[in-house]
Amino acid sequence: MIVDVILSAIDLKRAVQRKAPRLGRVRAVAIGKGAIAMVQGLAEVSDIEDGIAVSPIEGPVPKSVKLYVADHPTPSHRSFKAGEAVLDYVSSLSRGERVVFLVSGGASSLAEVPLIPEDDFLITWGLLLRSGLDIHQMNAIRKRISAIKGGKLGAMAVARGAYVYNLIASDVPCDDPSDVGSGPAVPDSSTAEEALTSLKIAGLWERMPITARTAIEEALRGKDTPKEFRHEALVIAKNLDVLTEIQRVTGGRIVTSCLVGEARELGRYAAYLARETGTPLLLGGEPTVTVRGGGRGGRTTEFALSFILASRRYAVFAMATDGLDGNTGVAGVWADPGLLGELVKRGDVSSYFAENNTLEPFAETGRVVRTGPTGSNLNIVFYIDEWSRMKPLLEPRS
Ligand SMILES: Nc1ncnc2c1ncn2[C@@H]1O[C@H](COP(=O)(O)OP(=O)(O)OP(=O)(O)O)[C@@H](O)[C@H]1O
Ligand SMILES: O=C(O)[C@H](O)CO
């Protein structure tokens, strides 16, 4: 039932219908895990002359919209093809036209036009994904090796005389529109200095391909992303909306929707917080995982496993609202005190954290949440409560 509540709270077609301004005749660019739902919502409240949508899954889009299916979390040739198509589309805008950018999580990877050779681009991307950098830092770097991110598409549209509107479904902590999908059509809120410092602190600067380093050095010298242009941006859905819906059924206290940090550390922190407060707690955001091993896991499994080692009678339910967490193939997991007994039975559990293999204890004991791709993405949610109160809420709605 908690899953049903979450699935209903992340419905992006409904969010666009409810929150988008009435814009009349528009052209549209939708990119992200929510692209299909968002463009469907836009069709309900405006007249889409034509448009382009880039999504990780197939789905019905309005007749005037061309759909590209591309890849995530690592861009593929389909993402590069989609990126070129988006660039062409924006180049076709004319003076006085209204263009609506519908941006949701995953957009960074789904459509891309690299500024550096593709091989170097993919090496850089891989280093970032395993780095443990948070999404703002990671996207600060991605924006500087991209021809379309960090406001570049928006600036291009404005230069052609179009009016730029952004409707954003946020999967980033604290909902800065420039972080979502690397903010293709809003002025960039990150700096080249941040990109450089993040890479140096993560120990990645020396390991980056020379072309990527040159792109960042050029940005530092002033050839950087656009910082200002005429535009509007409205966040139509965010993590806090989902927490608020979960609160209705659990009575939990919302602690934050901006959770960041290493997932396994945050899990332990949350366990002690639950013991201290003695109340149901709701947290959301995007913990990161510094991946060192080759196992299967994600943000939810690392968090939940470390939580249960310290939480005594409290349980945690953790779910990625896009329906797929890390490389697990599942949306999330739950951990109740009974899992500890299972761990004891399993004997050698040393690989779990050492190899980033934290899915195993959940998968093998049936504590996983399966939704498949949800066609949305409002980041990760965590619900913490006494197991006796949580258990009935995990049953499907009758
Ligand atoms: N074995 C693993 N154990 C734990 N986490 C992992 C593992 N492998 C990958 N990850 C994490 O999964 C992340 C990618 O997973 P996922 O696709 O769920 O992210 P996402 O939040 O959907 O991405 P985006 O922010 O681009 O939408 C990586 O950043 C990495 O930190
Ligand atoms: O695509 C991305 O950059 C992430 O999902 C954050 O929006």
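The values are calculated or read from the model by the stated rules, or taken from the named source; none is laboratory data. Predicted model, so just to flag it, every value in this text is computed and none were measured. Positions of Cβ are generated from backbone atoms using ideal geometry, with glycine treated the same way; all protein chains shown enter the neighbour counts. Each accessible area value is taken on the protein alone, full model and side chains, heavy atoms only, with ligands, DNA and RNA left out. Shrake-Rupley method; radii C 1.70, N 1.55, O 1.52, S 1.80 Å.
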(message) Please compute one quarter of the surface area of the Cα convex hull for segment 325-398 and express it in square nanometres.
(response) 6.2 nm²
(message) I need the Debye-formula profile for the chain: one equal scatterer per C-alpha, no solvent, reported as log10 I(q)/I(0) at q = 0.09, 0.14 1/Å, two decimals.
(response) -0.52, -1.18
(message) Here is the link list: K33/K152; K13/K63; K19/K152. Which ones come out longer than 19 Å on Cα distance?
(response) K33/K152; K19/K152
(request) With the Cα gyration tensor of segment 164-287 in hand, give its eigenvalues times 5 under a square root as the equivalent ellipsoid semi-axes, listed largest first in whole angstrom. (result) 34, 22, 8
(request) Can you send over the carbon and sulfur percentage of the accessible area for segment 19-167, probe radius 1.4 Å, protein chains only? (result) 52 percent
(message) Rounded to the nearest percent, how much of the accessible area of segment 239-394 (1.4 Å probe, protein heavy atoms only) is carbon and sulfur?
(response) 50 percent
(request) Using a/c under 1.5 as the rounded threshold, could you call segment 1-155 rounded, prolate or oblate? The axes a ≥ b ≥ c are square roots of the C-alpha gyration tensor eigenvalues, and prolate needs a/b larger than b/c, oblate otherwise. (result) oblate
(request) Grab every C-alpha pair in segment 90-175, bin the distances at 10 angstrom width from 0 up to the longest one, and report whole percents. (result) 16, 44, 31, 10, 0
(request) Quote the Stokes-Einstein diffusion coefficient, in whole µm² s⁻¹, for segment 239-394, based on the Kirkwood radius over alpha carbon pairs, a temperature of 25 °C and a viscosity of 0.890 mPa s. (result) 162 µm²/s
(request) Would you mind working out the accessible area per residue for segment 239-394, using a 1.4 Å probe, and quoting it in Å²? (result) 39 Å²
(message) Report the Cα centroid-to-centroid distance between segment 358-398 and segment 87-122 in angstrom, as an integer.
(response) 34 Å
(request) Report the charge-dipole magnitude of segment 239-394 in Debye, nearest 20, computed about the Cα centre from +1 at each Lys and Arg Cβ and -1 at each Asp and Glu Cβ. (result) 360 debye
(message) Report the Cα centroid-to-centroid distance between segment 284-314 and segment 25-79 in angstrom, as an integer.
(response) 33 Å
(request) Kindly list the residues of segment 248-265 that lie in the label zone of K19, defined by a backbone N under 19 Å from the point 7 Å along the Cα-to-C-beta vector. (result) 248, 254-259
(request) Give the value in nm², to one decimal: projected area of the alpha carbon convex hull of segment 1-61, averaged over all directions. (result) 4.4 nm²
(request) Mind checking the per residue accessible area of segment 47-127 for me, 1.4 Å probe, whole number of Å²? (result) 42 Å²
(request) Report E386's accessible area, 1.4 Å probe, all protein chains in place, as a number in Å² to the nearest 10. (result) 60 Å²
(request) Quickly work out the E395-to-L343 label distance, labels modelled 7 Å from Cα along the C-beta direction, and quote it in nm with one decimal. (result) 2.9 nm
(request) Arrange the residues W387, W205 by how much accessible surface each exposes, largest first, with a 1.4 angstrom probe. (result) W387, W205
(message) Taking the Cα centre as origin and putting +1 on Lys and Arg beta-carbons and -1 on Asp and Glu beta-carbons, what dipole magnitude results for the chain, to the nearest 20 debye?
(response) 520 debye
